[in-house]
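Contents: one structure, followed by commentary.
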Amino acid sequence: MPRITFIDFNGASHDVEAKTGGTLMEAAIEAMVPGIEGDCGGNCICATCHVYVDPAWLARLPDPEGDEEAMIEYTSEPEDNSRLTCQLTVTDELDGMVVRIPETQY
Amino acid sequence: MSETTVIVGAGHAAGMLTTTLIQKKYDGKIVIVGDEAHLPYQRPPLSKAYLSGEVELSSLYLKPQETYDKAGVALSLDTRVEAIDRDSRELTLADGSGLTYDNLVLATGSQVRRIPVPGADLGGIHYLRTIADVDALRPALTAGQRLVIVGGGYIGLEVAAVAAKLGVSVTVLETEGRVMARVTGETISRYFERKHREAGVDLRTGTRVVAFEAGDDGQVGGVTCDDDNTVPADLVLVSIGIQPETALAEAAGLACDDGILVDEYTRTDDPHILAIGDCTRHRNLYFDQPVRLESVANAVDQARTAAATLTGGDQPYNAAPWFWSNQYDLRLQMVGLSEGHDATAIRGNPDDDTFAVFYLKQGKLIAVDAVNMPPAFMAGKKLVGARAAVEPATLIDLDVDLKSIM
């Protein structure tokens, strides 16, 4: 299973074994990574699973579209590398990816 | 010896409380007692993606079994709690055994409201609250079947959308003059009524069900309304709301009033008992009055509050509620409660299937209902949370970026 590293706002690393085909949010929630809330359960409703993707990995992800793109803009501190993890499908190519968690999801 | 926290109920609130306690490194023992056979799971997909078969059972579970095992959480599923003895701090379970607690958290959720009319116990009449309910309903939803849905709220309309897509012939009977009347304003109601009719749903408002008639096979065969019409039915879904599950609390003498009464820390009037989620009528600092909310957001927020209370934190509940519904390709996102509004402003155009209704009270934004317009919902979460004063002219101006007023 691809390993994804979540770095929380305090700088602590959380390595997560993510299931291929699942979403990055599901992997984080299952591993109880602090700071990934996923209040709506992965339905792209609440934007509480926001992360910053390491720029080196950003290009390997499909571009955000539709609701994800619209919601990201309204998170607390959106950046060019902001993504909602409930919309990111885990693939083997993402093994080793690093993402950072914002200070708040609200 | 460390303390024991027993959670009664294994729904979304119970699951979220448990994982939050684990994250907070709570050093007591956690025991969950739930009367369903399932691990804590998400209910919202039941009437949407789980009913339509788009998602599997396992994806409904908030956490897999291993998460609870690893954390040493004891799960007693398929187990009813019969009574609470507050003096000895002991629960009586269905098999007669006892379970003692230091802290008790009631997360008993709600039960469906039953319809009290003749024929209501006929076969073929369904309710929808649990995985088991959907597993019983789904195989019957095949093309050409005639489904009559009693109640045009979220659940009824979400099922109508799924069923219509499957080629089921759907009739929705709503007692009120418009659908979703309890939770939204007229513009949204009328819009969704139109969308359902366009999808082929026979939607009748102002129509009360007075009886169910048996068909030749002894199952339900028709639904008789107060206009004396009988709508033919192969199956029926009754979705007329829920009632908070307070029986256990009431029998134990806890203060209840259409919900177990709790303060903004989720405390009942017993210092050893908290209550969270659908079953509560609670203080939320966002509101002047106690409220009862039927939503995941409330279950999650109260679970976090309770976790703080149990671990010595001071985190009063203070949040604007939010909700969502998916019907066809329409995503309705809502924040705040629109009740009591004295003005509305509509951004966008319903004819474009992308619009939002803003509800104001004395110039302050109290709620937003957004259809396929996530920015209005996201901006609304911030603005409604702050009860911000906003000019209606600003809200409806599509040239104004909502971010600029957040």
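Just so it is clear, none of the values below were taken in a lab; they were calculated from the coordinates. Only a predicted model underlies this, so the values are computations on that prediction, with no experimental measurement involved. Note that we place each Cβ from the backbone using ideal geometry, even for glycine, and neighbour counts take in every protein chain shown.
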| query | Taking segment A:51-83 on its own, how many of its residues are of a type outside the set (S, T, N, Q) and within 11 Å of chain B (Cβ to nearest Cβ)? | reply | 10
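Quick grid of which residues meet (1) in contact with a strand residue (DSSP E or B) (Cβ under 6 Å, 6 or more places away or on another chain); (2) crowded, with 19+ Cβ neighbours inside 10 Å; (3) assigned to a loop (DSSP other than H, G, I, E, B); (4) among the β-branched types (Val, Ile, Thr):
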{"position": "B:TYR50", "(1), (2), (3), (4)": "no, yes, no, no"}
{"position": "B:VAL55", "(1), (2), (3), (4)": "no, no, yes, yes"}
{"position": "B:TYR68", "(1), (2), (3), (4)": "yes, yes, no, no"}
{"position": "B:LEU91", "(1), (2), (3), (4)": "yes, yes, no, no"}
| query | Name the pairs whose Cβ atoms lie under 9 Å apart, with the first residue in segment B:42-56 and within 12 Å of another protein chain (Cβ to nearest Cβ), the second among the small types (Gly, Ala, Ser) and assigned to a helix (DSSP H, G or I), and 6 or more positions between them or separate chains? | reply | B:GLN42/B:GLY15; B:GLN42/B:SER59; B:PRO45/B:SER59; B:LYS48/B:ALA161; B:ALA49/B:SER59; B:TYR50/B:SER59; B:VAL55/B:ALA49
| Quick one: in segment A:14-26, which of the residues that are more than 12 Å from chain B (Cβ to nearest Cβ) and within 15 Å of A:VAL53 (Cβ to Cβ) is surrounded by the fewest Cβ atoms within 10 Å (Cβ to Cβ)? | A:VAL16
| Residue among B:ILE125, B:ILE188 that is out of contact with any Asp or Glu (no Cβ under 8 Å at 6 or more places or on another chain), among the aliphatic types (A, V, I, L, M) and either surrounded by 16 or more Cβ atoms within 10 Å (Cβ to Cβ) or within 30 Å of B:THR344 (Cβ to Cβ) (or both) | B:ILE125
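Given the options B:GLU36, B:GLU82, name the one that is assigned to a loop (DSSP other than H, G, I, E, B) and more than 11 Å from chain A (Cβ to nearest Cβ).
Result: B:GLU36 is the single residue among B:GLU36, B:GLU82 that is assigned to a loop (DSSP other than H, G, I, E, B) and more than 11 Å from chain A (Cβ to nearest Cβ).
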| query | B:ALA14 passes all but one of (1) part of a helix (DSSP H, G or I); (2) without any contact (Cβ under 8 Å) to a residue 24 or more places away in the chain; which number fails? | reply | (2)
| remark: Of those in segment B:288-307 that are surrounded by fewer than 23 Cβ atoms within 10 Å (Cβ to Cβ) and without any contact (Cβ under 8 Å) to a residue 40 or more places away in the chain, the residue nearest to the chain's Cα centre (by Cα) is B:SER295
| In segment B:363-381, is there at least one residue being surrounded by fewer than 18 Cβ atoms within 10 Å (Cβ to Cβ), in contact with an Asp or Glu (Cβ under 9 Å, 6 or more places away or on another chain) and more than 12 Å from chain A (Cβ to nearest Cβ)? | yes
| task | From (1) part of a loop (DSSP other than H, G, I, E, B); (2) closer than 19 Å to B:THR100 by Cβ; (3) touching a strand residue (DSSP E or B) at 6+ places or on another chain (Cβ under 8 Å), pick out the condition that doesn't hold for B:LEU21. | result | (1)
| Name the pairs: first residue in segment B:233-248 and within 10 Å of B:ILE149 (Cα to Cα), second residue charged (D, E, K, R), Cβ to Cβ under 6 Å, at least 6 apart or on different chains? | B:ALA233/B:ARG146; B:ILE240/B:ARG113
| said: Tell me whether segment A:28-37 contains one or more residues that are without any contact (Cβ under 8 Å) to a residue 24 or more places away in the chain and assigned to a helix (DSSP H, G or I). | reply: yes
| request: Starting from residues that are of a type in the set (Asp, Glu) and buried (at least 19 other Cβ atoms within 10 Å of the Cβ), keep the ones in segment B:222-252 and report whichever is farthest from B:ALA83 (Cα to Cα). | output: B:ASP234
| request: Go through the residues of segment B:69-86 one by one and say whether even a single one is touching a helix residue (DSSP H, G or I) at 6+ places or on another chain (Cβ under 7 Å) and of a type in the set (Ser, Thr, Tyr). | output: no
| When you go through (1) facing another protein chain (nearest Cβ under 9 Å); (2) in a loop (DSSP other than H, G, I, E, B); (3) more than 19 Å from B:LYS382 (Cβ to Cβ) one by one for A:CYS46, which number turns out not to apply? | (3)
| said: So in segment A:84-106, with the set limited to residues that are in a strand (DSSP E or B) and buried (at least 19 other Cβ atoms within 10 Å of the Cβ), which one is nearest to the other protein chains (Cβ to nearest Cβ)? | reply: A:LEU84
| field | Residues of segment B:320-354 satisfying the condition of being over 24 Å from the mean Cα position of the chain (by Cα) and more than 12 Å from chain A (Cβ to nearest Cβ) | value | B:ASP342, B:ALA343, B:THR344, B:ALA345, B:ILE346, B:ARG347, B:GLY348, B:ASN349, B:PRO350, B:ASP351, B:ASP352, B:ASP353
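To keep it simple, each residue is scored yes or no on (1) of a type in the set (Phe, Trp, Tyr); (2) surrounded by 15 or more Cβ atoms within 10 Å (Cβ to Cβ); (3) not in a loop (DSSP other than H, G, I, E, B).
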{"site": "B:ASP27", "(1), (2), (3)": "no, no, no"}
{"site": "B:ILE30", "(1), (2), (3)": "no, yes, yes"}
{"site": "B:LEU46", "(1), (2), (3)": "no, yes, yes"}
{"site": "B:SER59", "(1), (2), (3)": "no, yes, yes"}
{"site": "B:ASP95", "(1), (2), (3)": "no, no, no"}
{"site": "B:VAL105", "(1), (2), (3)": "no, yes, yes"}
{"site": "B:THR108", "(1), (2), (3)": "no, yes, no"}
| Can you name the number of the only condition in (1) away from every other protein chain (no Cβ under 12 Å); (2) at positive phi; (3) touching a strand residue (DSSP E or B) at 6+ places or on another chain (Cβ under 9 Å) that A:GLY35 fails? | (1)
| Can you find a residue in segment B:393-406 that is touching a Phe, Trp or Tyr at 6+ places or on another chain (Cβ under 9 Å), away from chain A (no Cβ under 14 Å), farther than 26 Å from A:PRO78 by Cβ and buried (at least 16 other Cβ atoms within 10 Å of the Cβ)? | no
